[in-house]
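In what follows, a single structure is set out as structure tokens and then discussed.
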Amino acid sequence: MLRFDIVLREVDTPALVVDLAALKRNIARMAAIAGRSGVKLRPHAKTHKSIEIARLQIEAGAIGIACATVTEAEMLVTAGLPDVLLTAPVADPAKFARLAALNRRSPLKITVDHVEQVRAAADVVALDHPPLAVVVDTDVGQGRTGVTDIAEGVALARAIASYPQLRFAGIQGFAGNAQHIPEPLARRAAAGKAADMLREFAAALAEVNLHAAIITGSGTGTHDQDKAGPYSELQVGSYIFMDSDYSRIVDEAGSGPPFEPSLFVMATVVSVNRPNEVTVDAGTKALATNGPPPCSMHGVAHGAIYRFAGDEHGILTLPKDAAPASLGQRVLLGASHCDPTVNLHACYHVIDGQKVQRWPIGARYGASKASSPTEL
């Protein structure tokens, strides 16, 4: 178990903590799974928003990095990370211009799901500049973005191919609706439906002499099934950290994913006046609420249960026969939904043996806003 109470004794709470050894084991495990299966990895930086972690993933064999926002893409390209794919379509002309500027610096890929986005992308790429690679986003069950039928997708791919400034690069299908389904057969069925649609889409493209060089998607919850195809690359993200939602997932044998928790929020006990309850200084400003609350803890009695108690506080209910917690005691809370939890913090406190490193978290929502009043 991490000796966080010793190496982090000078760190202010609440603080985001990473067990570096566990993080590296998770990265190595996923790389090994992909390697044995002959599928490529394009891990998703929306999970960690960290140049340091992206570099560890590339060093372990990832062919590139996925990201969800233009700001994340700028962070990754500026840091020299290769083959960046923006997985979310954009509509703002200014964002297309930023993407074109990035593409002149280092080749990247973007996704679209509408012909107006294709035109907007072509408008900002000069003929004497490197072509911008474009992927067609496909709604495979998430109901969020993507073309909703194959004929529409083929038409969009043909539109991309008609512009010399653009290059049709392939198709994307993210079954986010499948990733967190705890029951294995239901999760398998949802992932299978997504895979079947992508196979059909690729076949329809081939009929009009368009080749989907990449078929990208998948995620941590369905990686084991999706590694068999049709995906050429997996956009896995949460596997590096894991969280309370993924702790509920099991396979047909009743086993959970082959990854271990490496992300925690360290909190301090700030009130001990109620029987079998203590208050810690980590609430909704430290832990994401769009998922189950923390379900694992270190530094407090086994079986303790966390519940949110406002912006700054959480309540730990201790087992009746547990030793009482002390005022000022440090507790490691397992992460709730890891991606938005990360976005709430400015940096990671990375435990490497007896050393602590601070790794910045970049491209956070709201982090670039002015800190003093201004007029627009």
Legend entry - Long-range neighbours under 7 Å by Cβ, at least six apart or interchain, first residue of a type in the set (D, E, K, R) within the range 304-329, second surrounded by 14 or more Cβ atoms within 10 Å (Cβ to Cβ): ARG307/PRO293; ARG307/GLY314; ARG307/ILE315; ASP311/GLY283; ASP311/THR284; GLU312/ASP281; GLU312/GLY283; LYS320/ASN276
Inset, instruction - Please give the strands (runs of 3 or more DSSP E) falling wholly within the range 243-359 in which 3 or more residues are crowded, with 16+ Cβ neighbours inside 10 Å and among the polar types (S, T, N, Q). - result: none
Inset, instruction - Of the conditions (1) in a helix (DSSP H, G or I); (2) touching a residue at least 60 places away in the same chain (Cβ under 8 Å), ALA169 clears all except one; give me its number. - result: (1)
Legend entry - Listing of strands (runs of 3 or more DSSP E) fully contained in the range 1-112 that carry 2 or more residues being over 17 Å from TYR239 (Cα atoms) and of a type in the set (Val, Ile, Thr): 108-112
Inset, instruction - Kindly provide the set of residues from the range 124-144 that are acidic (Asp, Glu) and either outside any loop (DSSP other than H, G, I, E, B) or not assigned by TED's automatic domain parsing to the domain that holds LYS193 (or both), ordered by number. - result: ASP137
Legend entry - Single condition ALA62 does not satisfy, out of (1) surrounded by fewer than 24 Cβ atoms within 10 Å (Cβ to Cβ); (2) among the small types (Gly, Ala, Ser); (3) more than 16 Å from GLY362 (Cα to Cα): (1)
Legend entry - Residue list for the range 234-270, restricted to those being over 27 Å from ALA68 (Cβ atoms) and either among the β-branched types (Val, Ile, Thr) or without any contact (Cβ under 8 Å) to a residue 24 or more places away in the chain (or both): VAL250, ALA253, GLY254, SER255, THR268, VAL269, VAL270
Legend entry - Which numbered condition ALA189 misses (of (1) touching a strand residue (DSSP E or B) at 6+ places or on another chain (Cβ under 9 Å); (2) of a type outside the set (Asp, Glu); (3) in a helix (DSSP H, G or I)): (1)
Legend entry - Sole exception among (1) without any contact (Cβ under 8 Å) to a residue 60 or more places away in the chain; (2) within 25 Å of VAL350 (Cα to Cα); (3) in contact with an Asp or Glu (Cβ under 7 Å, 6 or more places away or on another chain) for VAL300, by number: (3)
Legend entry - Every pair of residues 6+ apart whose Cβ atoms lie under 6 Å, when the first sits in the range 109-130 and is more than 23 Å from PRO82 (Cα to Cα) while the second is aromatic (Phe, Trp, Tyr) and assigned to a helix (DSSP H, G or I): ALA120/PHE96
Inset, instruction - Go through the range 1-25 residue by residue and tally those that are crowded, with 22+ Cβ neighbours inside 10 Å and either without any contact (Cβ under 8 Å) to a residue 24 or more places away in the chain or touching a Phe, Trp or Tyr at 6+ places or on another chain (Cβ under 7 Å) (or both). - result: 3
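The values are calculated or read from the model by the stated rules, or taken from the named source; none is laboratory data. Predicted, not measured: the structure shown is a model, and the values here were computed from it. Using ideal geometry, Cβ is built from the backbone for each residue, glycine included, and neighbour counts are taken over all protein chains shown.
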